[in-house]
Amino acid sequence: MADPLSGVYKARQSPRVVVSRTPSGARPGRANSALSQRFERIATGRTASRQGPRYWRPEEIGSGVAPPCVPWRRYAGGNWTGVRLMRIVMIGAGYVGLVSGACLADFGHEVVCVEVDATKVDSLREGRVPIYEPGLSELVLANQAAGRLTFTTSLKAAGRGANAIFIAVGTPSLAEIGSADMRFVHDAAREIAGVIEEFTVVVVKSTVPIGAGDEVERIIAERAPRDRFAVVSNPEFLREGAAIEDFKRPDRVVIGVEDDRAREVMREIYQPIESNGGPIVYTSRRSSEMIKYAANVFLAMKVTFINEIADLCERLGADVLDVSHGIGLDDRIGRRFLNPGPGFGGSCFPKDTLALTKLAADAKAPIRLVETLVDVNDKRKTAMAAKIVAACGGSVAGKRIAVLGLTYKPKTDDMRDAPSLVIVPELQAAGARVVAYDPEGLRTAKPLLPGVEFADNAYACLKGADAAVVVTEWDEFRALDLARVKASLAAPIMVDLRNIYPIKAMKALGFRYVCVGRGFGGEG
Ligand code: NAD
């Protein structure tokens, strides 16, 4: 039987391994790093049989003997254990690929991100991270400087000799149909088929329909022998805005794997998380694919449920925040994702709910609950525009409306399916002049919102407006001087779609304050 760890990087028990530091931006590939050269030697099998896992001793860490950063280590049974290094390729350097690549490099692995967008690669090589995600720039720069994280447009150069190639490309909704567009995943699979030379684990990190792993396997097998690769499902659960923390300290890592060699490689890759007590769930590939959709759709359902309860609270004079608190204390329900608002958006929930309804319909097992939630959520965004119009006395024609927050949630610059993309055009269609401000999203929002005037800060946005609307709950909006806000506005109307201000204080200041689900009409 083949060595289950063949192709896995295993350093000698002898501690004389010096890891070179590849200068930032250097061309990735084996020739650039002593670590890679070593990997190459081991991968040829000449020394593999004599080697066991490499454990870094405390004095080696930070001494130049261990990799420059071995962030995870523990003392167990009288020994220090550390990271067994792997060579990883990440296809796609978007939100998921870049965060995953940087975090895996920070665990000590050698990571090459392959990105088709050459501008993105140039910018990353120069140390500029093209997306806003707290802590990401620092993490990318540190690991680039340490020689563990490089960027390229060529899978050919990067893919040879990798232990694992992750696919982290987009799976957007197919227009009109709603199912996941698998074009990018399939293209990546075709490229992988052309580069694997020895046993490689192909890890599907993108969110894909159930059974997609089988298709990836079929595509690769058109060019590569079946015993040379294994396809694994490893969906990602990170939240934008808290992505690094979520990746490094996840609630769980889900691995859908049906091949023992691949399972070992995956175990090594995630060993730092396991060592830190993070649960790793091993399951079949299809179950793993289903876990991702079921998790996202369940959370979307929670959000939609509380949004509908909020509407009912407005009719019946109850306060949805007390209701969320009261039901959330029940362990079976939980407090998270029970904050009412303008409807969910973002890069995942809208497309994943749609994709699951399509999958279910195709499988002749329609999920009516989810079909309904998609419809309810779509209509909610339009209903929020109507709520703003009503708060302005029934018309916004000719009025200046200040919109605070455009991104689909705080701490990201992501505008994908943001509620603002429906609310703002609805207000414009009703005759409003919209001025908007977002702390991080202006660059991404500007091309998507024609006819909007953009302000440089919140107070400039509010100046002379006939009403203010909070669409995204950035912390800096919570910290605004409310008296100054009132003085800046031409009329003291605040529509708060995220419930960030205290009703009493707003009323005491003389605002007409309309929020979501808090008393009759959302007016306390
Ligand atoms: P993204 O659009 O931000 O990034 C995808 C990247 O892949 C782009 O930069 C694109 O240029 C690149 N790409 C496409 N084809 C390529 C190829 N053949 N070779 C190299 N690069 C290629 O997408 P994302 O938000 O990172 O999402 C990726 C996947 O992860 C999706 O399936 C998504 O559903 C899932 N996901 C996303 C999140 C999130 O919060 N964004 C969270 C969990 C899971």
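Taking the simple approach of a point 7 Å from Cα along Cα-to-Cβ for both Val116 and Asn276, what is their distance in nm?
Here the answer is 3.2 nm between the modelled labels.
Computing the accessible area with a 1.4 Å probe over protein heavy atoms, can you report the carbon and sulfur percentage for the stretch 413-524? Provide the component values of the computation, followed by the final result.
Numbers: 2400 of 4610 Å².
It is 52 percent, rounded to a whole number.
So how much accessible area does Tyr501 have, in Å² to the nearest 10, using a 1.4 Å probe?
The value for Tyr501 is about 10 Å².
Among rounded, prolate and oblate, which fits the stretch 170-231 when a ≥ b ≥ c are the square roots of the eigenvalues of its C-alpha gyration tensor, a/c under 1.5 means rounded, and a/b larger than b/c means prolate?
It comes out prolate by the Cα gyration axes.
Rounded to the nearest 0.05, what FRET efficiency do Glu138 and Ala397 give with R0 = 56 Å and r taken as the Cβ-Cβ distance? Could you check?
0.75
Need the full-extension length gain, Glu453 to Arg252, defined as separation in residues times 0.36 nm minus the C-alpha distance. One decimal, nm.
68.1 nm
Run the reach check for Lys504 against lysines, Cα to Cα strictly under 24 Å, same-chain hits fewer than 8 apart removed. What comes back?
Lys387, Lys463, Lys486
Just reorder Arg267, Arg400 by solvent-accessible area, largest first, 1.4 Å probe, all chains present.
Final ranking, largest accessible area leading: Arg267, Arg400.
So which GluC sites (Glu not before Pro) in the stretch 84-126 end up in coil per DSSP with only 11 or fewer other C-beta atoms within 10 Å?
Glu126
Report the accessible area of His325, computed with a 1.4 Å probe over the heavy atoms of all protein chains in place, in Å² rounded to the nearest 10.
Here the residue's solvent-accessible area equals roughly 100 Å².
Could you please tell me the mean projected area of the C-alpha convex hull for the stretch 231-274, averaged over all directions and given in square nanometres to one decimal?
For the Cα atoms of the stretch 231-274, the hull's average projected area reads 3.1 nm².
Using Cα pairs under 8 angstrom and six or more residues apart, how large is the relative contact order of the stretch 257-415, in percent?
On the way: 107 pairs, mean separation 30.4, N = 159.
Taking the mean separation of contacting Cα pairs over the length of the stretch 257-415, I get 19 percent.
With each label point set 7 Å from Cα along the Cα-Cβ vector, what nm distance links Ala157 and Arg128?
Label at Ala157, label at Arg128, 2.1 nm between them.
How would Asp375, Asp438 line up by accessible area, probe 1.4 Å, largest first?
Largest accessible area first, the residues go Asp375, Asp438.
With r as the distance between the Cβ atoms of Ala145 and Arg267 and R0 = 35 Å, compute the FRET efficiency 1/(1 + (r/R0)^6) and round to 0.05.
0.80
Once ligands and nucleic acids are excluded and a 1.4 Å probe is used, how much of Thr382 is accessible, expressed in Å² to the nearest 10?
Accessible area, nearest 10 Å²: 60 Å².
When only the heavy atoms of the protein chains count and the probe is 1.4 Å, how do Met182, Met86 rank by accessible area, highest first?
Ranking Met182, Met86 by accessible area, largest first, yields Met182, Met86.
With label points built 7 Å along Cα→Cβ from the Cα atoms of Ala490 and Asp375, find their separation and express it in nm.
Each label point is offset 7 Å from its Cα along the Cβ direction, giving 4.0 nm.
The values are calculated or read from the model by the stated rules, or taken from the named source; none is laboratory data. For clarity, every value in this text was computed on a predicted model and none was experimentally measured. Positions of Cβ are backbone-derived with ideal geometry, glycine not excepted, and every protein chain shown enters the neighbour counts. In case anyone asks, the SASA skips ligands and DNA or RNA and just uses the protein heavy atoms, side chains included. Shrake-Rupley method; radii C 1.70, N 1.55, O 1.52, S 1.80 Å.
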